[in-house]
Structures are given as C-alpha cells and as structure tokens.
Amino acid sequence: MKNSALILTALFVAISCGGRKASVSAIPATRADVPEFNADSAFSYIKHQTDFGPRVPNTESHKKCAAWLSKKLYELGAECAVQHYSTVTFDKTELDCYNVIGSYNPQSTTRILLCSHWDSRPWADNDPDPANWKKPVDAANDGASGVAVILEIARQMQAKLPEIGVDCIFLDAEDWGPGDDFQGQHLESYWGLGTQYWARNPHKEGYKARYAILLDMVGGKGAKFCREGYSIMYSKPVVDKVWSAAGRLGYGSLFPPVDGGYVTDDHYFINNIARISAIDIVPYLPNCKESSFGPTWHTTHDNIENIDKKVLEAVGKTLLEVIYNEKP
C-alpha cells in the first residue's frame, strides 16, 4: 500500500473456476435473516495463508497460495475464475500475478463486489529494526485478514444465498510500491497493480456492480475504521450504509462517524478505471507513532499473533448485515 495521503499452472485447479454513482437503499425496518459470522473460521483462513509464508509475487509461496484460494472458493460453491497476467512494478520488476475471482448468484444482474489484496509486501521497510527492512512481510493483517473475512462470508453464502449477486475478488500485486526512501516521483499508479489490470480487463465483459467494498487490514489489534477520504468523495452513500450498519450492530467504536485520511488503495482504481462506486474499510490511527495504519504496518510484526478475532467479527458481521439486506 499505499501512502496515506492525509489531506493523504500445474499448481492450479483448472477452474473456469455501474456507473460511479451508487444506487444505495437504506436497510429496511424489517431486516433479512442474516447468517452468523464465525471469527474462528476467519482466523483459520488467515493462518492457512500465513502458513504458506510471505505471499510475495514470483515466489513459490505466492503460487501455492493462489492455487489454494481458487480451490477454496470452488469448495465454497462459487463460480470461479483466475486471471493470470504479468505486470511491471515501479522498480521495473516483472511480476507473475493472479487475480482470483469467485461469484455467487452469477445469473443476477444486481451485483456487489467484495475485494481484498492477497499478496505480501516484499520488504518490511517500516520495521523499527533496520536489519529487517529487506525482509518480506508475513502480511497476516495487511492482506490475509481481508481475504479471510471474505472467505468466511463466502462460506455463509454457500449455505444461504443473498438476494443479489456477490463477486469476491482477491487482487494481486497491490503492495509492491515504493517506500519513503524512493528517489523518484511517487505516483498512485505504482500501487494496486492487480486492481488496475482487473479494472481494464474485467473477468466478465461489460462487468458492472452496484458498488464495491474493499477490505484492507481488517484484523489488527486496536483497529478503528474511520471514513476514508476517497470513499466519501466517490461513494458517500455506500460509506453511510456500511457505517450505519456497524453502528446498529454495536460496533460504533470500531466504525466511528469520523473522517480519516485519503488512502491510495485498490478502491481508488475501481472508482477511476472500472467506474464502479467503491469504498475502503481501512484502519486510521492518527495517534499511532509507527503508522496511521497501525503499529505492524509493513513490519515483521504483521503476523498472526497480532490479529484480533473481535475486529474480524465486527467487520464480517457488518458486511453480512449489508449484503443480506440488499435488494435487487
């Protein structure tokens, strides 16, 4: 990720596995029967990812995890697809990448999109110990947590489909962007490479969604999810919908009605390239001395020991509340 601009084949199972302004209705007084989110299950999905090791593009761990993600979505009843492509980073490294997509209610023309990046940052360049700056990040929170929440939602959708279509997309090559020591010009396009590819080459021709929700770092201890700047700029009705749902469920302290910074994240490209209204659920901790994203961001401490199941639960239950009250 991403600077917080604070003004800011054998491995694979062979599976054929809107406009900007969102149409967003309020959650009705008579609520749908919403499935329960299981935080222990979500936590196990984080562990499964981190057990591969850092999922840095061009590594064996990365390929194995991509295969597992596609297999898992298939097991969870999704119509699956894998986008295999190459992209070039800011430092001219060519990456072998995979966007993994699972669709529920594929016949529905009313769709929402849930997404998270799944790759790991190649360098722990925000680590307090300079000896760790060239080590890859385990990425339990910054990547795996968002994937895990979506996988648990997918598990619930397998048992009980919502009324609308839902697409789950695990986006690659989000986190190979320049650090603070980069001597060149810091451009938004250096981040979210997998999203930029998908936005220009959607998995289905003419793909549209009512709106998209991006999850990034949604399991860290002490997380608070303020209303991110670009989300408000492009998709305020969706922000209002999600934060309102969180408040009704008793999670107002984790989703305070407070504006945060502007974050160059995957949703930025979904809004600007795919032209789908998109928001970001991402932590904002302005008083954290290590980073406004939290103390483990881009460090070797971003491991499973620093994941909070209660945070996973709050995010997961909020999203299920939104999904199952969405009408065609």
Next on the checklist: Six or more apart or on different chains, Cβ atoms under 9 Å: show the pairs whose first residue is in region 63-83 and within 18 Å of Ser145 (Cβ to Cβ) and open to solvent by less than 50 Å² (accessible area, probe 1.4 Å) and whose second is hydroxyl-bearing (Ser, Thr, Tyr) and assigned to a helix (DSSP H, G or I).
Outcome noted: Lys72/Tyr45
Item to check | Index of the failed condition, Phe225 passing every other in (1) open to solvent by less than 30 Å² (accessible area, probe 1.4 Å); (2) in a loop (DSSP other than H, G, I, E, B); (3) farther than 19 Å from Leu319 by Cα | outcome: (3)
Next on the checklist: Looking at region 219-237, can you tell me whether even one residue there is under 22 Å from Leu69 (Cα atoms), of a type outside the set (D, E, K, R) and modelled with pLDDT of 95 or more?
Outcome noted: yes
Next on the checklist: Under 6 Å between Cβ atoms, which residue pairs at least 6 apart in sequence (or on different chains) link something in region 31-56 that is of a type in the set (Phe, Trp, Tyr) with a partner that is surrounded by fewer than 17 Cβ atoms within 10 Å (Cβ to Cβ)?
Outcome noted: Phe43/Lys309; Phe52/Lys64
Item to check | Segments classed as strands (runs of 3 or more DSSP E), wholly inside region 53-164, with at least 3 members that are in contact with a Phe, Trp or Tyr (Cβ under 9 Å, 6 or more places away or on another chain) and under 17 Å from Met217 (Cα atoms) | outcome: 111-117
Checklist entry - Quick check: is even one residue across region 169-185 open to solvent by 10 Å² or more (accessible area, probe 1.4 Å), at pLDDT 95 or above and under 17 Å from the mean Cα position of the chain (by Cα)? => result yes
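Scan region 119-128 and give yes if some residue there is among the aliphatic types (A, V, I, L, M), open to solvent by 10 Å² or more (accessible area, probe 1.4 Å) and farther than 28 Å from Gly77 by Cα, otherwise no.
No - not one qualifying residue is present in region 119-128.
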Checklist entry - Among Leu161, Leu214, which is surrounded by 15 or more Cβ atoms within 10 Å (Cβ to Cβ), within 14 Å of the chain's Cα centre (by Cα) and either under 25 Å from Pro295 (Cα atoms) or not hydroxyl-bearing (Ser, Thr, Tyr) (or both)? => result Leu214
Next on the checklist: Consider region 270-328. How many of its residues are assigned to a helix (DSSP H, G or I) and of a type in the set (Val, Ile, Thr)?
Outcome noted: 8
Checklist entry - Between residues in region 237-262 that are open to solvent by 20 Å² or more (accessible area, probe 1.4 Å) and residues that are outside any loop (DSSP other than H, G, I, E, B) and at pLDDT below 95, which pairs lie under 7 Å by C-beta distance while being six or more apart or on different chains? => result Tyr262/Ala5
Checklist entry - Taking region 274-328 as the region of interest, how many residues are in contact with a Ser or Thr (Cβ under 7 Å, 6 or more places away or on another chain) and basic (Lys, Arg)? => result 1
Next on the checklist: What's the number of the only condition in (1) out of contact with any helix residue (DSSP H, G or I) (no Cβ under 8 Å at 6 or more places or on another chain); (2) open to solvent by less than 10 Å² (accessible area, probe 1.4 Å) that Leu114 fails to meet?
Outcome noted: (1)
Checklist outcome for this item: Checked region 264-282 for anything hydrophobic (A, V, I, L, M, F, W, C) and either touching a helix residue (DSSP H, G or I) at 6+ places or on another chain (Cβ under 7 Å) or surrounded by fewer than 24 Cβ atoms within 10 Å (Cβ to Cβ) (or both); matches are Phe269, Ile270, Ile273, Ala274, Ile276, Ala278, Ile279, Ile281
Checklist entry - Only one of (1) over 16 Å from Asn99 (Cβ atoms); (2) hydroxyl-bearing (Ser, Thr, Tyr); (3) in a loop (DSSP other than H, G, I, E, B) fails for Tyr230. Which number is that? => result (3)
Checklist entry - Within region 148-163, is even one residue of a type in the set (A, V, I, L, M, F, W, C), under 12 Å from Arg55 (Cβ atoms) and touching a strand residue (DSSP E or B) at 6+ places or on another chain (Cβ under 7 Å)? => result no
Checklist entry - Among (1) modelled with pLDDT under 95; (2) touching a Lys or Arg at 6+ places or on another chain (Cβ under 9 Å); (3) surrounded by fewer than 18 Cβ atoms within 10 Å (Cβ to Cβ); (4) within 21 Å of Lys317 (Cβ to Cβ), which single condition is Asn38 missing? => result (1)
Next on the checklist: From the list Ser86, Ser44, exactly one residue is more than 19 Å from Arg200 (Cα to Cα), open to solvent by 50 Å² or more (accessible area, probe 1.4 Å) and not basic (Lys, Arg). Which is it?
Outcome noted: Ser44
Checklist entry - Which of the residues spanning region 186-209 are part of a loop (DSSP other than H, G, I, E, B) and crowded, with 21+ Cβ neighbours inside 10 Å? => result Trp191, Gly192, Ala209
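The values are calculated or read from the model by the stated rules, or taken from the named source; none is laboratory data. Since the structure is predicted, the reported quantities are computational estimates derived from the model, not experimental observations. Neighbour counts are summed over all protein chains in view; Cβ atoms, including those assigned to glycine, are modelled from backbone coordinates with ideal geometry. Accessible surface areas use protein heavy atoms only, side chains included; no ligands, DNA or RNA. Shrake-Rupley method; radii C 1.70, N 1.55, O 1.52, S 1.80 Å.
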